[in-house]
Amino acid sequence: MASVIDVTIDVVLRKYGGSLHRRVTMQHLGEDKHGTWLGAPAGTVVHHGSPGLDYTTEHATVRLIPPDRWWTAIFFAPPSPWDIYCDITTPPQWTGSNEVTMVDLDLDLLRTRADRRIELQDQDEFVANTDIYGYPADVIEGARSTARELYVAINDDAEPFRSHHQAWLGRITE
């Protein structure tokens, strides 16, 4: 009988026009009140939608896929200089038992480990892609309001951003 960690999930992020943005295969770790937790050891290949931009991760990570939210969060194991990285996305959709997909909406929040500084990234890309892809008003507002809410939650050390994710990281780094 396979353990839960033997189950793999393809995480697929697309651009609003449907093209592939990133794809990574992760291990299913479990679920709790925050959502579904997936893990990837250091050395995991992340496939990029543009040829030649695939990369191999240097640090173990866990990704939280919360239900019905406009974001996913990636938590990095030390010694990564990054602590938390949140992709602002359309709500993730489970398109099969082993695949979850979402549309990347450009905006990202990054908290660095050393100084715990939180940065909203790729605002210029969001503005440009609003025009290129014709983001509807509800998508624009969903992305912006989610970025504001996440900034507050991360800054206030609300769970799962304070310490809850540490137990999940422990499962992938053991």
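Quick look at the values:
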{"quantity": "Residue order, fewest to most beta carbons within 10 Å, for Leu29, Leu38", "calculated": "Leu29, Leu38"}
{"quantity": "Label-point gap, in nm, between Glu119 and Val46 - each point 7 angstrom along Cα→Cβ", "calculated": "1.4 nm"}
{"quantity": "Residue order, fewest to most surrounding Cβ atoms within 10 angstrom, among Val45, Val139, Val24, Val152", "calculated": "Val152, Val45, Val139, Val24"}
{"quantity": "Structure-based [θ]222 nm, the chain - -39500 (n - 2.57) summed over DSSP H runs of at least 4, per residue, nearest 500", "calculated": "-7500 deg cm²/dmol"}
{"quantity": "Mean projected area (nm²) of the alpha-carbon convex hull when the chain is viewed from all directions", "calculated": "10.3 nm²"}
{"quantity": "Global geometry of region 4-74, whether rounded, prolate or oblate, following the gyration tensor of its Cα atoms and the 1.5 cut on a/c", "calculated": "oblate"}
{"quantity": "DSSP bridge orientation in the chain - percent antiparallel, rounded to nearest 5", "calculated": "90 percent"}
{"quantity": "Residues Leu105, Leu20, Leu150 arranged by fewest to most Cβ contacts within 10 Å", "calculated": "Leu20, Leu150, Leu105"}
{"quantity": "Amide H partners (placed H, <5 Å) of Trp71, local residues excluded", "calculated": "Thr89"}
{"quantity": "Exposed-loop-free span, longest in the chain, where trypsin sites (Lys or Arg not before Pro) count as exposed if DSSP calls them loop and at most 12 other C-beta atoms lie within 10 Å", "calculated": "34-115"}
{"quantity": "Sequence-separation-based contact order of region 4-173, relative, with Cα cut under 8 Å and 6+ spacing, percent", "calculated": "19 percent"}
{"quantity": "Förster radius 22 Å - calculated FRET efficiency between Trp82 and Gln166 (Cβ-Cβ, nearest 0.05)", "calculated": "0.90"}
{"quantity": "Cα gyration tensor shape of region 78-157, rounded if a/c is under 1.5, else prolate or oblate by comparing a/b with b/c", "calculated": "oblate"}
{"quantity": "Added length on full extension, which subtracts the Cα-Cα distance from 0.36 nm per residue, Glu99 to Tyr133", "calculated": "9.8 nm"}
{"quantity": "Sparse-neighbour loop sites [GluC sites (Glu not before Pro); region 25-104; at most 15 other C-beta within 10 Å; DSSP]", "calculated": "Glu58"}
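Laboratory data are not the source of any read-out in this text; all were calculated from the coordinates shown. This structure is a prediction, so every number in the text was calculated from the model and none was measured. When we count neighbours, we look across all protein chains shown, and the Cβ atoms used for this are built from the backbone with ideal geometry, even at glycine.
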